[in-house]
Amino acid sequence: MHKVVNNSEIKKLPVITIFSLAFRTPIIYREALLKVLILPALLLIALDYLDTYYAHTLLKSLLVMIVYFFVYSYFAVSVHRIILLDERHKNIVIPRLSFRVLLYSVWLWGIVIVAGLIFLPWFLFHEMLLEKLESERLYQIFLYMGSLPCFFIIAKVSLILPAIALDRHPTWLWAWKASRHNNWQMFVIAGILPFLFGNLELLIPDDAPSLVTEIIFSALYLFLVIIEVSALSLSYKYLVLGKRELK
C-alpha cells in the first residue's frame, strides 16, 4: 500500500487547481470515459427510473438500491483508474463484477453507515423540533446544518476510495492521517461537492415532465459524479502519490 508523503513535504491541497482540472476531466478523457462508462451510465439511469416508478415496496426498492450501489461502484472505480493510471481501452467495455468493485462498494457502504450513525442524534433532535418549526425552509436549514459534520467525516476518510480503486489495502486510520493537514481542503473537495451534487433534485421543477426530467437529471448527476470522483482522484494523486504538478 502507498505510504503518505512525509509530513515535511506535505503542502496544502491546491483546491482551485483541483476543481479546474476536475471540471475539465470529461473533456480531457472523453474517449476513455465514454468507452468505459456508457453502459454503466445507461444502467444507472434505468435503475434510477425503476426506483422512481416501479419499486413501490421496500423489498423492490432495496434490491434496486443494492444493484445501483454495485454499478455505481464500478462507475466510480473506472473514473479513478482512468485519472490515476491513465487506463485506456480500445473498445467499449462491458461492465463485470470484480473483487475490486465489491470491495469498493463495501467501503462505500461502510462510510455511509458511519456518517449516518453520526447524523442520527441530530436527526432525532430535528424530528422533535418538527412540530415547532412552522417554516419549511427553516426545517430544511436545520436538517442541512446537521448533515455537515457527516460530510466532514466522509471527506476525512474519502481517500480510502481511490486507494481501493488502485488495489491498495487502506484503513480508516490511514485515511484519517493522510488528510490531517488538509482537513478543510478535503471538506470542500470531498464534502461540500457531494453535498451540493446530492441535492441536485431540488432544482427539478414540480411541474416538469416527470419521465423526461428524471432521465435528464439522472444523466446530469452522473456527469457531476465524474467531476466529483476526478477531484477525489486528483487529491489522492497530490497527497498520497506525491504528484505536486497536477495535470
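Quick one: which of 34-40, 116-122 comes out on top by average Cβ neighbours within 10 Å, and what's the full order, highest first? All intermediate terms of the calculation are to be shown ahead of the outcome.
Values: 34-40: 18.1, 116-122: 13.7.
Output ranking for 34-40, 116-122: 34-40, 116-122.
Can you give me the pair-distance distribution of segment 7-239, C-alpha pairs, 10 Å bins, whole percents?
7, 28, 37, 22, 6, 1
Given R₀ = 22 Å, FRET efficiency for Ile66-Ile215 by Cβ-Cβ distance, to 0.05? Write down the numbers at each step before the final one.
Working: r = 22 Å, r/R0 = 1.00.
With a Förster radius of 22 Å, E is 0.50.
How much length would be gained if the chain were fully extended between Val114 and His89, taking 0.36 nm per residue of separation minus their Cα-Cα distance, in nm to one decimal? It would help to have the intermediate numbers written out before the result.
Numbers: separation 25, 0.36 × 25 = 9.00 nm, distance 3.58 nm.
5.4 nm is the gain from fully extending Val114 to His89.
Can you give the Rg to Rh ratio for segment 63-123, taking only C-alpha atoms and Rh from Kirkwood? Each step should come with its number before you reach the end.
Numbers: Rg = 14.5 Å, Rh = 13.2 Å.
Result for segment 63-123 is an Rg/Rh of 1.10.
For Tyr104, what is the net charge nearby, where nearby means another residue's Cβ is under 12 Å from its Cβ and Lys, Arg count +1, Asp, Glu -1? Before the final figure, lay out each step's value.
On the way: positive: Arg81, Arg100, Arg168; negative: Asp167.
Combined, the nearby Lys, Arg, Asp and Glu give +2.
Laboratory data are not the source of any read-out in this text; all were calculated from the coordinates shown. Because the structure is a prediction, the values reported are computed rather than measured. All Cβ positions, even for glycine, are placed from backbone atoms using ideal geometry, and neighbour counts span all protein chains on display.
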